[in-house]
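Novice: Have a look at the structure that comes next, please.
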Amino acid sequence: DQSSSSAPVKYKVVFLGDQSVGKTSIILRFMHDTFDSQYQATIGIDFLSKTMLVDDKMVRLQLWDTAGQERFKSLIPSYIQDSSFAIVCYDITSKASFEHVRTWVEDARNIRGDDVSIIVVGNKIDLADQREIYTEEGTKLASELGVEFIEVSAKAGINIKALFKTLASNLPGAD
Ligand code: GDP
Ligand code: MG
């Protein structure tokens, strides 16, 4: 029975991407609709859960926030291994972070194959005047890699709901 009264189906979602692209900020915007400009470095791996209603079904998302520090990097593959979704983030004002997207996507594919749905996210679109990566470049890379793509701003709260709608529309068995 999949009605809304039954226990929620759980999905793990791992956030990947270079340090300071805004992974923690995107999660906090989605969870609490807040943005904290104080820099809070993620230490190791954290998780938060949120229940969403998707097509009359309760879905519980477990969001795994990772950090790229060397001493934690070796832990990331085991979180990818467990996840149905990988959200690969870059910062539209950082070419380097964009150039690493391919590697993060390949890591997820190598570990999880087609069992992981991948969404590439370009964050910080509020910083339009500092943009280094145009929307078209993000779209092109995502279509080359065969993954979803969206641009967001955790700070301004732009497209964060749309990101999780995209995720919901890619739930296994949701088609
Ligand atoms: P993480 O290392 O990927 O988890 O990145 P954080 O979420 O810690 O964010 C790194 C820095 O970027 C912090 O100073 C944030 O305040 C800032 N930041 C995050 N998202 C945005 C955004 O959408 N716009 C702007 N302007 N800054 C952001
Ligand atoms: Mg973080």
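Novice: Give me the percent of DSSP beta bridges within the chain that run antiparallel, rounded to the nearest 5.
Specialist: Looking only at bridges with both residues in the chain, the antiparallel portion is about 30 percent.
Novice: Per 0.36 nm of contour for each residue apart, how much would the distance between residue 50 and residue 10 grow if the chain were fully extended, relative to their Cα-Cα spacing?
Specialist: 13.4 nm
Novice: What number results when the radius of gyration of the chain, computed over Cα atoms, is divided by 2.2 N^0.38 Å?
Specialist: Relative to the rule-of-thumb radius for its length, the chain sits at 0.99.
Novice: Follow-up question, since we're still on this one. Where both partners of a DSSP beta bridge lie in segment 84-175, what percent of those bridges are antiparallel, to the nearest 5?
Specialist: That works out to approximately 10 percent antiparallel.
Novice: Bin width 5 Å, origin at 0, all Cα-Cα pairs of segment 77-166: what percent of pairs per bin?
Specialist: That works out to 3, 15, 26, 24, 19, 10, 3, 1, in percent per bin.
Novice: For each of 27, 119, 87, count neighbouring Cβ atoms within 10 Å of the residue's Cβ, then give the residues from fewest to most.
Specialist: If I rank by nearby Cβ atoms, fewest first, I get 119, 27, 87.
Novice: While we're looking at this one, here's another question. So how do 112, 29, 131 line up by other beta-carbon neighbours within 10 Å, fewest first?
Specialist: With the sparsest Cβ surroundings first, the list reads 131, 112, 29.
Novice: Could you work out the local net charge near residue 67, counting Lys and Arg as +1, Asp and Glu as -1, over the other residues with Cβ closer than 9 Å to its Cβ?
Specialist: In short, 0.
Novice: While we're on this one: Lysines within cross-link reach of residue 23: Cα-Cα under 20 Å, excluding same-chain residues under 8 positions apart?
Specialist: Output for residue 23: 12, 50, 73, 95, 124, 155, 161, 165.
Novice: Could you work out the relative contact order of segment 50-135, using alpha carbon pairs under 8 angstrom and six or more residues apart, expressed as a whole percent?
Specialist: 29 percent
Novice: Which of 50, 155, 23 ends up with the largest GNM mean-square fluctuation for the chain, with Cα atoms connected below 10 Å?
Specialist: Answer for the Gaussian network model of the chain: 50.
Novice: Taking amide H positions as placed 1.01 Å from N in the peptide plane, with prolines and chain starts having none, which residues 5 or more places from residue 14, or on another chain, fall under 5 Å of its amide H?
Specialist: 64, 85, 86, 87
Novice: Please list 3J(HN,Hα) in residue order for segment 85-96, calculated via the Karplus relation 6.51 cos²θ - 1.76 cosθ + 1.60 where θ = phi - 60°; whole Hz, with x for glycine and proline.
Specialist: Here the 3J(HN,Hα) series is 10, 10, 9, 9, 9, 9, 10, 5, 9, 10, 4, 4 Hz.
Novice: Another question, if that's okay. Taking the Cβ-Cβ separation of residue 103 and residue 162 as r and a Förster radius of 22 Å, what is the calculated FRET efficiency to the nearest 0.05?
Specialist: According to the calculation, E is roughly 0.30.
Throughout, read-outs are computed from the coordinates displayed, never taken from laboratory work. Small disclaimer: the values here were computed from a predicted structure and weren't measured. As a convention, Cβ positions derive from the backbone with ideal geometry for all residues, glycine included, and neighbour counts pool all protein chains shown.
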